[in-house]
C-alpha cells in the first residue's frame, strides 16, 4: 500500500471514529464540532509526518508518540468510546483496524523500539 493510500485509509477510519464520538458526546449528528474537527486535522497532519510510513504500526503500538499529550488523550478517549461501536458503523474498517494492531511491527519500528529500551537501561 502506498503512503498516500495508507494516510487516506487511516484518516478515514479516524474520522469515522471521531464522528461516532462527536455524535454521542457533543450532539452533532451531521458534522464534527469545531473541537473534534481540529483534533482530526491535527491527527491527519501527524499521520502525514510519520517517519515509519508506509510500514507504520497503529499509533497505540508505535515507539514514537508524536501527538502532544492533550491531543493524545483526546484521541485515545474517542477511540476507546467509538471502537466497539465501529463494529456496527463500519465492520470492515473496524476489523482491518484490529488486524493492524495484531500485525508484527516492521524492522524499522523494532529497531527504534530497541534503541529506546537500551537508552532507558542506560538512564536508569
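The values are calculated or read from the model by the stated rules, or taken from the named source; none is laboratory data. Since we're looking at a predicted model, the values are computed, not measured. With ideal geometry, Cβ positions are generated from the backbone for all residues, glycine too; neighbour counts draw on all protein chains shown.
Give all pairs with beta carbons closer than 8 Å in which a residue from the stretch 84-103 that is closer than 17 Å to residue 20 by Cα meets a residue that is not in a helix (DSSP H, G or I); count only pairs at least 6 apart in sequence or on separate chains.
Note: pairs meeting the criteria are 97/58.
Every residue, every condition in (1) surrounded by fewer than 18 Cβ atoms within 10 Å (Cβ to Cβ); (2) assigned to a helix (DSSP H, G or I); (3) more than 17 Å from the chain's Cα centre (by Cα); (4) modelled with pLDDT of 90 or more, yes or no:
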{"site": "25", "(1), (2), (3), (4)": "yes, yes, yes, yes"}
{"site": "52", "(1), (2), (3), (4)": "yes, no, no, no"}
{"site": "56", "(1), (2), (3), (4)": "no, no, no, no"}
{"site": "70", "(1), (2), (3), (4)": "yes, yes, no, yes"}
{"site": "84", "(1), (2), (3), (4)": "yes, yes, no, yes"}
{"site": "93", "(1), (2), (3), (4)": "yes, yes, no, no"}
{"site": "114", "(1), (2), (3), (4)": "yes, yes, yes, no"}
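Just the residues that are more than 18 Å from residue 98 (Cβ to Cβ), part of a helix (DSSP H, G or I) and out of contact with any helix residue (DSSP H, G or I) (no Cβ under 7 Å at 6 or more places or on another chain), please, taken from the stretch 1-17.
Hits for the stretch 1-17 are 3, 4, 5, 8.
Of (1) touching a helix residue (DSSP H, G or I) at 6+ places or on another chain (Cβ under 8 Å); (2) in a loop (DSSP other than H, G, I, E, B); (3) at pLDDT below 90; (4) loosely packed, with under 15 Cβ neighbours inside 10 Å, residue 60 satisfies all except one. Which?
(2)
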